[in-house]
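We did not get these values from a lab; they are worked out from the coordinates using the rules stated. Values in this document were obtained by computation on a predicted structure and should not be read as measured data. Ideal geometry is used to build each Cβ from the backbone, glycine not excepted, and the neighbour counts take in all protein chains shown.
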Amino acid sequence: MATEILMPALSPTMEEGTLSKWLVKEGDTVSSGDILAEIETDKATMEFEAVDEGIVGKILIAEGSEGVLVNTPIAVMVEEGESPDDVAAAAPAPTAPSPIPAAAAPTTPATVAPASATPAETDIPAGTDMKTTTVREALRDAMAEEMRRDETVFLMGEEVAEYQGAYKISQGLLDEFGSKRVIDTPITEHGFAGIGVGAAFGGLRPIVEFMTFNFAMQAMDHIINSAAKTRYMSGGQMSAPMVFRGPNGAAARVGAQHSQDYGAWYAHIPGLRVVQPYSAADAKGLLKSAIRDDNPVIFLENEILYGRSFDVPVMDDYTVPFGKAKIWREGSDVTIVSWGIGMTYALEAADELAKEGVQAEVIDLRTLRPIDYETVIRSVQKTNRCITVEEGFPVASVGNHLAAKIMTEAFDYLDAPVINCTGKDVPMPYAANLEKLALLTTKEVIDAVKSVTYR
Amino acid sequence: MAARKSANKSNTSKEELLEFYREMLLIRRFEEKAGQLYGMGLIGGFCHLYIGQEAVVVGLEAAAKDGDKRVTSYRDHGHMLACGMDPKGVMAELTGREGGYSKGKGGSMHMFSKEKHFYGGHGIVAAQVPIGAGLAFADKYLETGGVTFTYFGDGAANQGQVYEAYNMAELWDLPVIFVIENNQYAMGTSVQRSTKSPSMWERGAAYGIPGEEVDGMDVLAVKAAGEKATAHCRAGKGPYILEIKTYRYRGHSMSDPAKYRTREEVQKVREERDAIEHVRDLLLTGKHATEDDLKAIDKDIKAVVNEAAEFSKESPEPQLSELWTDIYADA
């Protein structure tokens, strides 16, 4: 059957091109793969190959023709004994690519990806014993409990096993679970993050510890491109149920490369969960939820908080859900939203402000993806003022996003602009006095509150 | 075609040769059709064809057992067809339709099949190498006895993460075969212009990983090497490297004019070393098949490919609500 050869699209953006040269003539027999012509696109001159065997029956577009539209017939191929004129009768007239079947009407647009269910916050029954626990111990307890519960959970990272953790988070785990499940890696973040993702694809639930999140920059491609996007790219067939965890943010006097808060970076990515706990109870309950979650979770800890003690309920299985903020302090004059170590400044500021008669409501977001907007908006509708507090850089911060959200959804309730308290827009300096200046302070939060309450 | 010495001519059968012929031809015809659909604007974006390299995946799949895993780069259509994925689902993914393996949301470079243990389809050069080691890690941890075929090109072989993966794979004795598909060009840069190291498989020695070079235009040689490599892995001896010398007939992607090599160079490989012609020759000279038998196979394959193409045009685009699904697990 005679078939028409159409002008091909040879790049993602090509709409027309120049048929620079024919390399075959009428009557030539060609087989698949033979080069028929040279075609000049907007970017390059390309060779155009035959897809099938046949005889060049007729050349329709002469060489040298410019502006030949994609899908224009340029030649007719025939088989032995056929005439090129058979084309009209034998084959339907060529058309542009067949119209794409209509898809259904769009559903209600959402601005962020829908969140899925995570374990509920365990109700703490009245009379439950509380145990004073450091954040460090709470994290270890969470991992140990989940490793006892599920054989597929394992921990890998630098110095997590024999050294007992660079920050002693994994203390005792090697003894209890053995070297099959508590694995020291070479110093090779890119590689072991990728191995972790592959292990998760293969049916395990890895906990990948980064000695600090600064080093996770080396592994960023696997976190974003391999872990976060695979469920979507596979149409839901495959995913990476795993936790990337480690200390994040400034410690003390470790300079620019070791002092950065990555909360906003990861919160940017659909497909990731992002958790940034403050208290030991939340560290424990959220890490247990993270290990059980079927999505890749970024779990941002903080070195300064590791040694801080909090009450943790003594319960068999204490979990905290994602996307549910915690109100640490109720107040009517201003809403202070924070998470992670930012809560230290937020709570200190609220204490100081209370002495001056300003009642601040302090909200701990606990997770940055998903974010509990509802709790924030409801609070702002009550207080009419909002300050956000985070240690990260100011540009494209989580606070910026919250301010935009509040402006969109509670504009009429605002009596003052939302102020974002953040770290300064500089790489972290080493000198003690400069480092102090670069970091967020409680005084800055107090000043911001005073500014929006016009005091 | 000149008779070529095949390493393991005895280690095959008429049935196997016919199967190899059929599978390699399916990949070639499928890719030619994909190129055609791209030219018609039905396939968008990047599209990397596998034409010329067919013997690599077909030979190695002959050495695989049920449950073995495979992971590769963005030049992935051949791997999917060779492991038994449905040509219709692959082609419909290329056209971005709901009948595609990823419901149209992945495209040429991002397809997966849990059922066939195909773990992608990865668009970042060499990212699949640690992932493949990780799949093998899971096999070892779960004691499945499986092996993971981790495919990457000569271009990817210069990425640092390959060597991070080598180091850990050998350290932990992971059952992974690192398959370097050396088609001699990393996009437009020839191997000679990207490294002075004389062979790529030998780099494994630095980590204690054995390996060998294989003629990738000889499907029987590939299969034999695959059997050796899988035996090594299954014996608990850790990873193995196969550097398979092959050749890509088409450009790097559909928009590559391939000016970095001569037409004669390509033509010479096609005429003298083509992997499909090689098997065809073995079938005919061995009197395993007649010209007519092979013509009948050609016809069957053509029908399969045409059916896939039709399906890929008729399958509707994904529902618009699909934009918001498969981002997070539902539970």
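Things worth noting here:
- DSSP H segments from chain B that extend 30 Å or more along their own axis, Cα-based, with Kyte-Doolittle mean of -1.0 or above: B:14-39, B:291-314
- B:ASP281/B:MET187 FRET efficiency (R0 35 Å; Cβ-Cβ; nearest 0.05): 0.65
- Surrounding net charge for A:GLY202, when Lys and Arg each add one and Asp and Glu each subtract one, Cβ distance under 9 Å: 0
- Within the shell of other residues whose beta carbon sits under 13 angstrom from the beta carbon of A:TYR262, the net charge comes to -2, with Lys and Arg scored +1 and Asp and Glu -1.
- Taking the average, over residues, of other Cβ atoms within 10 Å as the packing measure, peptides B:259-267, B:200-208 rank B:200-208, B:259-267 from highest down.
- Shielding of B:30-41 by partner chains, average beta-carbon count, 10 Å: 5
- Inter-part distance where the range A:39-77 and the range A:412-447 are each reduced to a Cα centre, Å: 63
- DSSP loop chymotrypsin sites (Phe, Trp or Tyr not before Pro) with at most 14 other Cβ within 10 Å: longest gap in chain A: A:164-429
- Estimated 222 nm signal from helices in chain B, with DSSP H stretches of n ≥ 4 weighted -39500 (n - 2.57), rounded to 500: -13500 deg cm²/dmol
- Binning all Cα-Cα separations of chain A at 20 Å, short to long from zero, yields these whole-percent fractions: 21, 39, 21, 17, 2, 0.
- Given charges at Cβ of Lys, Arg, Asp, Glu: the range A:130-183 dipole, positive-most of A:MET147, A:SER179, A:MET130: A:MET130
- Only helices enter this figure: runs of n ≥ 4 DSSP H residues, each worth -39500 (n - 2.57), summed and divided by the residues of chain A, yield -7500 deg cm²/dmol at 222 nm to the nearest 500.
- Shielding score for A:9-20, defined as the mean number of other chain Cβ atoms within 10 Å: 3
- The alpha carbon centroids of the range A:312-351 and the range A:375-403 are separated by 14 Å.
- The residues neighbouring A:ALA416, those whose beta-carbon lies less than 12 Å from its own, together hold a net charge of +1 under the Lys/Arg +1, Asp/Glu -1 convention.
- Eligible aspartates and glutamates near B:LYS114 by straight Cα distance, threshold 17 Å, same-chain separation 8 or greater: A:ASP294, B:GLU61, B:ASP66, B:ASP68, B:ASP76, B:ASP86, B:GLU93, B:ASP139, B:ASP326
- Summing Cβ point charges (Lys, Arg +1; Asp, Glu -1) relative to the Cα centre of the range B:14-312 gives a dipole of roughly 660 debye.
- Between the Cα long axis of helix A:342-355 and the first principal axis of chain A there is an angle of about 40°, rounded to the nearest 10.
- Shape parameters for the range B:230-323, alpha-carbon atoms, Rg then Dmax in Å: 20.5, 56
- FRET efficiency for the A:ASP412 to A:ILE61 pair, using the beta carbon distance and R₀ = 60 Å, is estimated at 0.40.
- Entry note, chain B: relative contact order of 25 percent, from Cα contacts under 8 Å with a spacing of 6+ residues.
- Two-site label geometry, B:GLU19 and B:LEU323: point separation in nm, points 7 Å out along Cα→Cβ: 4.7
- Estimated distance in nm for a label pair at A:ALA396 and A:ASP150, the labels positioned 7 Å out from Cα along Cα-to-Cβ: 3.2
- Simple point charges give the picture: +1 on the Cβ of Lys and Arg, -1 on the Cβ of Asp and Glu, and for the range A:234-385 a dipole about the Cα centre of about 300 debye.
- Remark: for residue pairs B:LYS65/B:LYS228; B:LYS33/B:LYS116; A:LYS284/A:LYS324; A:LYS180/B:LYS116, the C-alpha separation exceeds 20 Å in B:LYS33/B:LYS116; A:LYS180/B:LYS116.
- Each part gets one Cα centre, and for the range B:260-331 versus the range B:108-130 those centres are 19 Å apart.
- At R0 = 35 Å, FRET efficiency that the Cβ-Cβ distance of B:PHE46 and A:ILE187 yields, to 0.05: 0.55
- Remark: spin-label model distance A:GLU330-A:SER179 equals 5.6 nm, labels positioned 7 Å along the Cα→Cβ axis.
- Shown here are the Rg and Dmax of the Cα trace of the protein assembly as shown, at 30.2, 100 Å.
- Within the same chain, lysines fewer than 8 places from A:LYS58 are excluded, and of the rest, those with a Cα less than 16 Å from its Cα are A:LYS21, A:LYS25.
- Residue by residue along B:167-179, Cβ atoms of other protein chains within 10 Å of the local Cβ number 2 on average.
- The range A:3-90, relative contact order in percent, only Cα pairs under 8 angstrom and at least six apart counted: 36
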